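Q: The structure that follows is given in the form of structure tokens.
The values are calculated or read from the model by the stated rules, or taken from the named source; none is laboratory data. Please read these numbers as outputs of a predicted model, since none were measured by experiment. Cβ placement follows ideal geometry from the backbone for every residue including glycine, while neighbour counts extend to all protein chains displayed. Just so you know, the surface numbers come from the protein's heavy atoms only, side chains and all, with ligands and any DNA or RNA stripped out. Shrake-Rupley method; radii C 1.70, N 1.55, O 1.52, S 1.80 Å.
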Amino acid sequence: LPDIIGLAEVENLFVMKQILSSTILRKHDYVPVHFDSSDPRGIDTGMYYRKTRFNLLDARPLKVKTPEGKTLDTRDILLVILENGKTGDTLAVFVNHHPSKYGGKDSRWRREAAIETLSAAVDSVRGLGMDRIVALGDFNDTADNPLYGTVPLKNLSKDLSAQGEGTIRYNGRWEMIDLVFVSDTLAIKGAAAEVLHVPFLTVRDPSHPGEKPFRTYSGPKYLGGVSDHCPILL
């Protein structure tokens, strides 16, 4: 099982604890990290880490702000700093869920603000001497967005997208909007990402040939699936 699990669109800490107590994860040593955000729909970012592998050094929610300093009512970027229990190395993990494309081109500035907030936070962490950094999550834009060139990390998802991989299916086409970025130190060590197309997380697409992620809701209708996004393994 993974040492760390990043989550987007999680409702609250109660839900995260329920997942740990009511699934096979209860047999392992995961610890939840969560903060309530100001998102109007009440959905947040969260993370689990294994306490036998890591010590928690710091955890905080980062508000998404415009260059003028205005705070947006959206999901916070979760920053968790962990210490490897065996080596003492530190690892900084940013869990993201950037503003959606609802509103079309008029919504672009909101994602730009999230990217700028992330980039500034990565620079701050680097300034503290940490060189093992991971940024992951739902960025609500495809991996080839030129704006990601401003993030001071290597985009591991860009090549996956160029190969036709994706994490969501829109009008019968896969799109890569769940991304992973890593620092040069991790990239040099061979860090790589892959999209997991797990059978029990997919369902037949009734409108197009092939499978699509098995989502929980379709509008107000409860379908009973897990997510409309495929997970990524780093």
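Q: Determine how large the accessible area of residue 217 is when every protein chain is in place; take a 1.4 Å probe and give Å² rounded to the nearest 10.
A: Its heavy atoms expose roughly 120 Å² to the probe.
Q: Looking at the range 75-116, which chymotrypsin sites (Phe, Trp or Tyr not before Pro) are DSSP coil and have at most 11 other C-beta atoms within 10 Å of their C-beta?
A: Here the chymotrypsin sites (Phe, Trp or Tyr not before Pro) that fit, given the DSSP loop and packing criteria, are 102.
Q: If you add up the charges near residue 95, with Lys and Arg at +1 and Asp and Glu at -1, over every other residue whose beta carbon is less than 10 angstrom from its beta carbon, what do you get?
A: Local charge sum for residue 95: -2.
Q: If you don't mind, there's one more thing I want to ask. I'd like the Karplus ³J(HN,Hα) series for the range 46-51: coefficients 6.51, -1.76, 1.60, θ = phi - 60°, whole numbers in Hz, and an x wherever there's a Gly or Pro.
A: Here the 3J(HN,Hα) series is x, 8, 10, 9, 8, 6 Hz.
Q: Which of the lysines could a cross-linker span from residue 212 if the Cα-Cα distance has to be under 25 Å and same-chain partners fewer than 8 positions apart are dropped?
A: 101, 158, 221
Q: Using a Förster distance of 45 angstrom, determine the FRET efficiency expected from the C-beta separation of residue 215 and residue 86, and round it to 0.05.
A: Efficiency at R0 = 45 Å is approximately 0.70.
Q: At what distance in angstrom do the alpha carbon centres of the range 94-162 and the range 165-234 lie from each other?
A: Between the Cα centre of the range 94-162 and that of the range 165-234, the gap is 18 Å.
Q: Further, regarding this structure: Grab the eigenvalues of the alpha-carbon gyration tensor for the range 42-81, scale each by 5, take roots, and send me the semi-axes largest first in whole angstrom.
A: 26, 12, 5
Q: Okay, next question. Semi-axes, largest first, in whole Å: what does sqrt of 5 times each Cα gyration tensor eigenvalue give for the chain?
A: Square roots of five times the eigenvalues give 26, 22, 19 Å.
Q: Dipole of the chain, Cα-centred, from +1 at each Lys and Arg C-beta and -1 at each Asp and Glu C-beta, to the nearest 20 debye?
A: Computed about the Cα centre, the dipole is about 400 debye.
Q: Now, a different point. 222 nm [θ] for the chain, helices only, -39500 (n - 2.57) per DSSP H run of 4+, per residue, to 500?
A: Only helices count here, giving -5000 deg cm²/dmol.
Q: Gaussian network model of the chain, Cα springs within a sub-10 Å range: biggest mean-square fluctuation belongs to which of 141, 76, 123?
A: Comparing 141, 76, 123 in a Gaussian network model of the chain, the most mobile one is 123.
Q: What FRET efficiency would be calculated for the residue pair residue 55, residue 35, taking the C-beta separation as r and a Förster radius of 22 Å, to the nearest 0.05?
A: It comes out at approximately 0.70.
Q: Among 168, 81, 19, which one shows the biggest mean-square fluctuation in a GNM of the chain, springs joining Cα atoms closer than 10 Å?
A: Between 168, 81, 19, it is 19 that shows the largest mean-square fluctuation.
Q: Would you mind telling me which residue in 25, 179, 56 has the biggest mean-square fluctuation in a Gaussian network model of the chain, where springs connect alpha carbons within a distance under 10 angstrom?
A: Of 25, 179, 56, the most mobile in the Gaussian network model is 25.
Q: Hey, which lysines would be in cross-link range of residue 17, C-alpha to C-alpha under 19 Å, not counting anything within fewer than 8 residues on its own chain?
A: 27, 51
Q: Roughly how many percent of the accessible protein surface of the chain is carbon and sulfur, given a 1.4 Å probe and a whole-percent answer?
A: With neighbouring chains kept in place, the figure for the chain is 52 percent.
Q: Also: State, as an integer percentage, the relative contact order of the chain based on alpha-carbon contacts under 8 Å between residues 6 or more apart.
A: 13 percent
Q: A follow-up question, please. Putting +1 on Lys and Arg Cβ atoms and -1 on Asp and Glu Cβ atoms, find which of 82, 128, 156 reaches farthest to the positive end of the dipole of the range 7-159.
A: Selected residue: 82.
Q: What residue among 208, 197, 176 has its Cα farthest toward the positive end of the dipole of the range 164-230, where the charges are +1 on Lys, Arg and -1 on Asp, Glu, each on the Cβ?
A: Among 208, 197, 176, the one farthest towards the positive end of the dipole of the range 164-230 is 208.
Q: Test of understanding: extend the Cα→C-beta vector of residue 147 to 7 Å, then name every residue of the range 93-113 with backbone N under 19 Å from that spot.
A: Once the point is set 7 Å along Cα→Cβ of residue 147, 94-113 turn out to lie under 19 Å by backbone N, inside the range 93-113.
Q: I've got another one for you. Loop-only trypsin sites (Lys or Arg not before Pro) in the range 78-171, please: DSSP not H, G, I, E or B, and at most 11 other Cβ atoms within 10 Å.
A: Hits after loop and neighbour filter: 86.
Q: For the range 1-121, just say rounded, prolate or oblate: build the C-alpha gyration tensor, square-root its eigenvalues into a ≥ b ≥ c, call rounded for a/c under 1.5, and beyond that prolate if a/b exceeds b/c, oblate if not.
A: oblate
Q: Right, another one. Just to confirm, what accessible area per residue do you get for the range 1-87 at 1.4 Å probe, in whole Å²?
A: I get 56 Å² per residue for this part.
Q: Next up: Return one quarter of the surface area of the convex hull spanned by the alpha-carbon atoms of the range 113-172, equal to its mean projected area, in nm².
A: Here the figure is 4.7 nm², rounded to one decimal.
Q: Please state the shape class of the range 1-71: rounded when a/c is under 1.5, otherwise prolate if a/b exceeds b/c and oblate if not, all from the C-alpha gyration tensor.
A: Cα axes put the range 1-71 in the oblate bin.
Q: Given Cα pairs under 8 Å that are at least 6 residues apart, what percent is the relative contact order of the range 3-142?
A: 22 percent
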